[in-house]
Amino acid sequence: MCYKKISLFILLGLFSKISILEAQNRELPAQFYTSKTPFLTKIITNKDLRAKVTISRDNAIVPAKGTIFFDNSQELIKSNDSVFLLVTRSGIVYLLDPVSDTSQYYSFHRLDHTININYNIGANNFLYNNHLYSYGGYGFWRLSGHIRSYNFLDKEWDIIPADYEIISNGFNWVNLKEGKIYVPFQSIMNGSIKGLKNEVNARLYDSYYFDLNLQEWKKIGSLSSKAKKLVVDNDITNSFLNTDKGLLFTRDEDAFYFDFLNNKIYKSKNAELNQFLMRRASIDNVFYFNDTIYSYVPSTQKIDTKKLSMTDFEALDFPIWGLDNNYYYVLIAVLILIIIIYFILIIYRKIIRKKVEQSNLKILKTKNIGQAFVGVELSLIQLLLEAATKGLHVEIADINHVLGIKDKNIGLQKKVRSDVINTINEKYAILINTETQLICSVRKEEDKRFYEYFINDQEVKSIKKIVAQK
C-alpha cells in the first residue's frame, strides 16, 4: 500500500513538471485583442504623439502568461499613425491593426519571425522614419554597442555596420528629428575580461552621436569635469524619461535634465515635481508629450499629469560635454614641440655664431674674442663705457689723454684718433658680423666746431660682454 502511494506521488510530480514545461513553451499568439483602456486610447488616438512607453506587468498588453516571456517587460512605441508593441529582451514585434470605432477592442498582430532572446537586455528601442531600431543592450555576459534595424521584408532584425562600437548602459538619447543617438559616456561591461565585470570601473568619458542617415559615429567632445563628477557621484547608468530635447531622471531627492540639443544640464528646484518623478522612478506607464508628463495607474485606470516647465529648473554652470580630451594631449604635444624647436634654434644659433666668431677671429688674427681689442683700443672703449653708464659723452681732450697724444700737434692728434676709432669700429663690425658702428660722434652743443664721442646705445650690452672676456 505504501509503495502505491509513493508511485502516485511520483506520477503527480512528473505530471506537474510536464504541465509547467508545456506552459512555459507555449508560443505567443500571432494575433490578439485587448480592451480599449483610457491609457491605450490616449496614446493611439493622439495623431501627433511620438513616444516610447514601458508597460508594467499589471498593465501588460501582450498575453504572455504561461510563456517564457511572462517576466519580460513590454514597450509601446508610437509615431504618427504607427503603433508598435515590443517584448523586451527579444526581437518580438507586434503592430496595431486598423482601428474600428465600433469595436471595444484593439487588435495587434505579430510581425517578426525571430527566435533569439536575451541578447539585448535593456536596449533602447525606437522608431525613426518609419523604421524600427534597437541600440545596445546586455547579453551573453557583455554590454554591446550594436545598432539593429528591423527588416520588414524578411521579418528579422539586421545589424547596421558602423565604424566603431560605442557602448552605453542605458544613458543615451535619440534625436528623433535628426536621427542621432547621443551617448555622453561609455560603460564597458564584459564578463569574459578580468576587471570589466563592473561597468562603473570601466567608463570612457568621450561623447559621441551616431548619425542614422550616414551610419557613422561622430565624436563631439568629452564629458566635462563637473558633468563627470555628477555621473560618478550619482552612479548614473539608466535614463528616466525621454523628452524632445533630452533625458529627465531622478537621483535621491533631486531631478536632473540633460538637454542634448543645447548641451546643457539643469537641476530641478521644484520639490513637488521631484516627488512626482521619484514616485514614478520605474518609468512604467509614463510618457512625455507637449511639455506634459502623463502617468497611467492601471488599478484605477486614471491618467495623472504633471506640467513640465523650464522655470522649474536652474541651469548648472557646466555643459554635458566639452573639448575633446585628445585636444589637451595635442595641445601639450604642440607646446612640447615648440619648446624643443625653441631650444634647437637657440643651440643652432649659438653654433652658427661660434663658427662666425671663429671665422672673424681668423680675420683679426687673434685666438679669442677677448683679445680682439688691445692697448689703447681697450682703454678708449672702457673710457666710453664709463661715460655711457653716467649718460655722458666724452670730449676730445679726454680721448687724447687716453691715447697718449695730448702733447702732440693737432694734426697728429686728429689722425691717431681717427685711426684708433676706425680700427675699433671695423673690428667690432667683424666680431658681430654687422655694419653697425660701435663708437659714434656728435657736435658739441656749446661749440659746433668740436665733436663729442660715445658708445652706440644699442651696442653697450654687447661690447661690455666682449670687454668682460678680456
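The values are calculated or read from the model by the stated rules, or taken from the named source; none is laboratory data. Note that the structure is a prediction, hence the values are computed from the model and not measured. Neighbour counts run over all protein chains shown; Cβ positions are idealised from the backbone, glycine included. These area figures cover heavy atoms from the full protein model, side chains too; ligands, DNA and RNA do not enter into them. Shrake-Rupley method; radii C 1.70, N 1.55, O 1.52, S 1.80 Å.
Some observations on this one:
- Residue in the stretch 160-172 that is part of a strand (DSSP E or B) and in contact (Cβ under 8 Å) with a residue 40 or more places away in the chain present: no
- Members of the stretch 116-144 that are open to solvent by less than 20 Å² (accessible area, probe 1.4 Å), touching a Phe, Trp or Tyr at 6+ places or on another chain (Cβ under 9 Å), in a strand (DSSP E or B) and of a type in the set (A, V, I, L, M): L127, L132
- Given (1) at pLDDT below 95; (2) outside any strand (DSSP E or B), index of the condition K306 fails: (2)
- Matching residues in the stretch 442-461 - criterion: being surrounded by fewer than 17 Cβ atoms within 10 Å (Cβ to Cβ) and of a type in the set (S, T, N, Q): Q458
- Flag if N80 is open to solvent by 20 Å² or more (accessible area, probe 1.4 Å), out of contact with any His (no Cβ under 7 Å at 6 or more places or on another chain), over 30 Å from K194 (Cβ atoms) and at pLDDT below 95: yes
- Qualifying residue in the stretch 286-303 (condition: acidic (D, E) and either within 28 Å of the chain's Cα centre (by Cα) or farther than 19 Å from N175 by Cα (or both)): no
- Qualifying residue in the stretch 190-200 (condition: modelled with pLDDT of 80 or more, under 17 Å from the mean Cα position of the chain (by Cα) and either within 30 Å of S295 (Cβ to Cβ) or not charged (D, E, K, R) (or both)): no
- Among the conditions (1) surrounded by fewer than 17 Cβ atoms within 10 Å (Cβ to Cβ); (2) in contact with a Phe, Trp or Tyr (Cβ under 8 Å, 6 or more places away or on another chain); (3) in contact (Cβ under 8 Å) with a residue 60 or more places away in the chain; (4) of a type outside the set (S, T, Y), D58 misses just one, which is (2).
- Cβ-Cβ under 7 Å pairs, at least 6 apart or on other chains, the stretch 119-130 side over 15 Å from L76 (Cβ atoms) and of a type in the set (A, V, I, L, M, F, W, C), far side part of a loop (DSSP other than H, G, I, E, B) and modelled with pLDDT of 90 or more: I121/R89; I121/G137; A123/G136; A123/G137
- Considering (1) free of Cβ contacts under 8 Å to residues at least 40 places away in the same chain; (2) surrounded by 18 or more Cβ atoms within 10 Å (Cβ to Cβ), the lone condition that V420 does not fulfil carries the number (1).
- Qualifying positions in the stretch 146-166 - at pLDDT below 95 and under 25 Å from F249 (Cα atoms): none
- Scanning the stretch 83-113 for residues that are open to solvent by less than 20 Å² (accessible area, probe 1.4 Å), over 29 Å from G139 (Cα atoms) and polar (S, T, N, Q) yields one hit, S107.
- Just one of the listed residues (G66, G122) is under 19 Å from N169 (Cα atoms) and among the small types (G, A, S), and it is G122.
- Some residue of the stretch 432-445 being on the phi > 0 side of the Ramachandran plot and of a type in the set (S, T, N, Q): yes
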